[in-house]
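The values are calculated or read from the model by the stated rules, or taken from the named source; none is laboratory data. The shown structure was predicted, so the numbers you read here are calculated from the model rather than taken from an experiment. Here Cβ is always computed from backbone atoms with ideal geometry, including for glycine, and neighbour counts include all displayed protein chains. For accessibility, only protein heavy atoms count, side chains too; no ligands or nucleic acids. Shrake-Rupley method; radii C 1.70, N 1.55, O 1.52, S 1.80 Å.
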Amino acid sequence: MKNIKRILVFTSILILNNAISQNTTMYSTYNAHSHNDYENPIPFFTAYENNFGSIEADIFYFNDSLFVGHVFGDITKKRTLQSLYLDPLNNKIKINNGFPYKDSTKTLQLLIDIKTDPDRTIGKLVNLLNTYPAIIQSGKLKIVITGNRPNSNKFNQYPSYLFFDGNLGKSYSNYELSRVGLFSADLSEYTHWNGKGVMVKQDQQKIDSIINSVHLKGKQIRFYGSPDYMNAWQQFIKMKVDFINTDHIVELAKFLNSYKSNNVSLLQKQNTYLPKFLNDGINKPVTKIILLIGDGCSLPQWYAGYTANGGALTAFNLKHIGFSKTSSSDNYVTDSAPGASSLATGEKIENRHLGLSPKGDSLSIITDYLASKQFKIGLISSGDVSDATPAAFYAHAKERDSSIEIIRQLNHSNVQILAGAGNDKLNTAGILQKKNSATLNNKTLENLLPNYKIVNNINDIQVSGNKKTLVIEKQAGLSMQEGRGAWLANAFEKVSTSLSGDNKNSFFMMEEAAQIDYGGHANNMEYVVKEVIDFDAVISKAIEFADTHKGTLVIITGDHETGGLTLHDGNYHQQTVNGQFATNDHTGIPVPVFAYGYRSYLFDGVYENSTIFNKIKEAIN
């Protein structure tokens, strides 16, 4: 019977420990501790309004009152425990029907650091708390005593609503442990780590052992005297420290509120393609050009995808790599219109403009030039068919959002196939959001019918058909998170097959992975990563095509970077990556250019994005 009891107790501890471990992987501001909270310009409320799970107040017993301060000299008549903490907390609990927070599942810990004689100070505290029945009867408020604490054999002399901060080096009876609210420890006693990089192995093992021992007791832990900035917070999360100690409430709150969206963990690994390199770098005229554009994709986005895909991308298997500088003619930071138009025209263009010089003159577009050389033209996007990147290859406009004006120019273009999504008012395929401009309509599309067959499925492209085709498909505009699936890769196969005409035709095909940019604007790492990995699936198709079709040149680049992404942590084997965004807009960071196939060496080096136009012309001549 005794053995059975021991097994049940041990099992209960394991279950509780597992629950704590699981909870600590889902970090939020409820895992934040406001250290010396009273030193903030607005005590209590700053941490509370940021939904902190733990708030600390140091108290002194003086003149039969409890005052808040770090040292005795800090106390003033107005800085009492009642006025700064108990009164506002009491009001919040009453407003929330007995709970500290509106979310009744959330617990608030009030950590009270006793600076004076524990018997007199705690005695006064108990008398004071008894005048606040809402506080002491709230099941989701935990009051924990730290600092000058009574000996653990006296815990039973205090009301059950009081808990005590545990001492790591002390052995507690079962009852005493039940009165321990958490364990706090001075990190500097175990390591000299300054919060940069990671701890040395020996120190990390000590800290891990401490955390595990506390979790095995079914308790939570915090470290004080610890580094207090982003990298340190990230490492504490990895260590499963339950409460992150901070003096920077707003900064930690911002970090934790975005923690879920800034962390990616994938379960499946996408296969990559290993190039054969038989045709790579051959100095012969190019007859098939495949331009792949990752909208908003620069090195951080690439590497985030590489990490989350287990340290593998087809793009990273290529040998010819350059960098494209993306500034527009009138701005250090470009938008997608001049970003793509510079690729398409060979000229620097002002923001918002498509295919126009700074003087307003219409510029020659690469698709027109190639059509004059008997190249077939196809354009694909996982965004709006009238949006800036695809439009840059068939239209001229002073305003990139003038959808109707842009799409009408298809009638005068050399584009054989245009495939993508509609915008938010197109009733046959409306899926895109956040577009403020005039939108496409059925009447506009009907004006294209003499020249274009309009279909709503990429599979309806007629192989070797003579009539031009416009594909507006709802599936194209879904994100990978929403279930777009392999639409881009399938579109590549359908369009390349149609354009090549049994390998008899020369062709130019531009395919845009539009939604890497959307994820950057949303500051959503998972969105970005899944779009990059899907883009790499298209790259695999393109590189394989180049290996089996002589005369092919594949160019892979971006029009700009979006989000100012930085990568703070990751694990190739676990397929995890963590990042932070500096902005929800574009940045001036250059973008990589990968090239493969005939004359791929032309794209080595660092150059303006407008140079790519001339490199393409050189490649075919």
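If you average the alpha carbon positions of the stretch 246-325 and of the stretch 88-137, how far apart do those two centres end up, in angstrom?
Cα centroid of the stretch 246-325 versus Cα centroid of the stretch 88-137: 50 Å apart.
Can you pull the three principal axis extents for the Cα set of the chain, in Å, largest first?
Principal axes ranked by extent give 94, 49, 45 Å for the Cα atoms.
Mind ranking 71-81, 248-258, 337-347 by how tightly packed they are, going by the mean number of other C-beta atoms within 10 angstrom, highest first?
337-347, 248-258, 71-81
Calculate how many DSSP beta bridges within the chain are antiparallel, expressed in % of all such bridges and rounded to the nearest 5.
30 percent
For the stretch 491-588, what does the relative contact order come out to in percent, with C-alpha contacts under 8 Å and a separation of six or more?
It rounds to 24 percent for the stretch 491-588.
Please compute the contact order of the chain in relative form: average sequence separation of alpha-carbon pairs under 8 Å and at least six residues apart, divided by the residue count, as a percent.
Here the relative contact order equals 16 percent.
Mind checking the per residue accessible area of the chain for me, 1.4 Å probe, whole number of Å²?
Here the residues of the chain average 42 Å² of exposed surface.
Using the crude model of +1 on Lys and Arg Cβ and -1 on Asp and Glu Cβ, and no other charge, please compute the dipole size for the chain relative to its Cα centre, in debye to 20.
For this selection, approximately 1420 debye.
If I ignore ligands, DNA and RNA and count only protein heavy atoms, how much of Ile93 is accessible to a 1.4 Å probe, in Å² to the nearest 10?
Result for Ile93: roughly 0 Å² accessible.
What relative contact order, as a whole-number percentage, does the stretch 538-621 give when Cα pairs under 8 Å and 6 or more residues apart are counted?
It comes to 29 percent, rounded to a whole number.
For the chain, build the charge dipole from Cβ charges (+1 Lys, Arg; -1 Asp, Glu) around the Cα centre, then report which of Val495, Tyr452, Ser209 sits farthest towards its positive end.
Ser209
Which of the peptides 142-149, 368-375 is most tightly packed, and how do the rest follow, going by the mean number of other Cβ atoms within 10 Å of each residue?
Highest mean packing first, the order is 142-149, 368-375.
Using a 1.4 Å probe on the protein heavy atoms, what percent of the accessible area of the chain belongs to carbon and sulfur?
In the chain, the share of accessible area belonging to carbon and sulfur is 49 percent.
Which order do the peptides 150-157, 526-533 take when ranked by the mean count of other beta-carbon atoms within 10 Å per residue, highest first?
Per-residue Cβ counts within 10 Å, averaged per peptide and sorted highest first, yield 526-533, 150-157.
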